[in-house]
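Working notes for the structure below.
The values are calculated or read from the model by the stated rules, or taken from the named source; none is laboratory data. Keep in mind the model is a prediction, meaning the values are calculated, not measured. Using ideal geometry, Cβ is built from the backbone for each residue, glycine included, and neighbour counts are taken over all protein chains shown.
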Amino acid sequence: MSEKDIVLYTEEDGIARITLNRPDVRNALSREVLQQLSSILDRVKENDHVKAVILIGAGEEAFSAGADIAFLNRATPLEVRELAQLAVTVTSKIESLGKVVVAAINGHALGGGLELAEACVLRVAAHHARLGHPEVRIGAVAGFGGTTRLPRLVGKGRAAELLLTGKVISAAEAHQIGLVNRVVEPDQVLPESEQLLREILAQAPIAVKMTWEALHRGCNLTLEESAQLGADYFGLIASTEDFREGTKSFLEKTKPAFKAR
């Protein structure tokens, strides 16, 4: 496998698929993987033909088992920090892409792999998948954003238990605590992810984008500030043609024809 093949990209009917392609090492996240992923995300952000993204791992064993442990073992503290900073940049790009990103968790999602999934808007997991932050078990910290995003997804208490014990949980338990949105048979991870995106893409595009922005930004504000942000976005969306079309169609009991304007 050449270095150019470690992250794959395809695009069909407005949905891009990004595949972490290192199945021999359970799709571990090397510096090269993160750099390629970062470049692909930059292109996707500027590609108006792409409306949504699915992030998945190659093979059936792992979405991603996390950072490359062999690299971490030999790296200097500065090199480890640089890797973490690159990963934080990538996860931030996923969150701020302006397009819905679904993590299709087709196998184990551990450490940095789970942190990639946590940065996505939604997560669909195969029932055999295992998820967790085992970093403390090797004397490390969830440094790719896990200490920030996990508590926002499942609450501080549950996040503390997972992060401090290094416990790895089943997809069913991950669903129970709100870490994943849906659990399906392994061969349904991609179809279910695509169906979920189709449901979202059928809605008013600008409203979808602004709803995610309000939700994401609001998590970092006080309750009052977050509510005010939602009110501001509600007023802003009222200036779009889709808002007029949607409200008119509701009153007339017809199906709206959204135009992303």
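Some points to look at:
- Matching option when the condition is touching a helix residue (DSSP H, G or I) at 6+ places or on another chain (Cβ under 6 Å), under 26 Å from Val50 (Cα atoms) and surrounded by 14 or more Cβ atoms within 10 Å (Cβ to Cβ), among Ala159, Ala214: Ala214
- Leading residue by the ranking (modelled with the highest pLDDT) among those in segment 4-58 that are more than 17 Å from the chain's Cα centre (by Cα) and hydrophobic (A, V, I, L, M, F, W, C): Ile6
- Among the residues of segment 240-260, none is identified as exposed (fewer than 12 other Cβ atoms within 10 Å of the Cβ) and under 11 Å from Ala207 (Cα atoms).
- Residue in segment 48-67 that is loosely packed, with under 13 Cβ neighbours inside 10 Å, of a type outside the set (Phe, Trp, Tyr) and either without any contact (Cβ under 8 Å) to a residue 12 or more places away in the chain or touching a Phe, Trp or Tyr at 6+ places or on another chain (Cβ under 9 Å) (or both) present: yes
- Flag for Gln176 being surrounded by fewer than 16 Cβ atoms within 10 Å (Cβ to Cβ), assigned by TED's automatic domain parsing to the domain that holds Ala125 and over 21 Å from Val53 (Cβ atoms): yes
- Selection of segment 43-97 for residues being among the acidic types (Asp, Glu) and under 21 Å from Gly143 (Cα atoms) yields Asp68, Glu79, Glu82, Glu95.
- Qualifying residue in segment 198-208 (condition: in contact with a Phe, Trp or Tyr (Cβ under 8 Å, 6 or more places away or on another chain) and modelled with pLDDT of 95 or more): no
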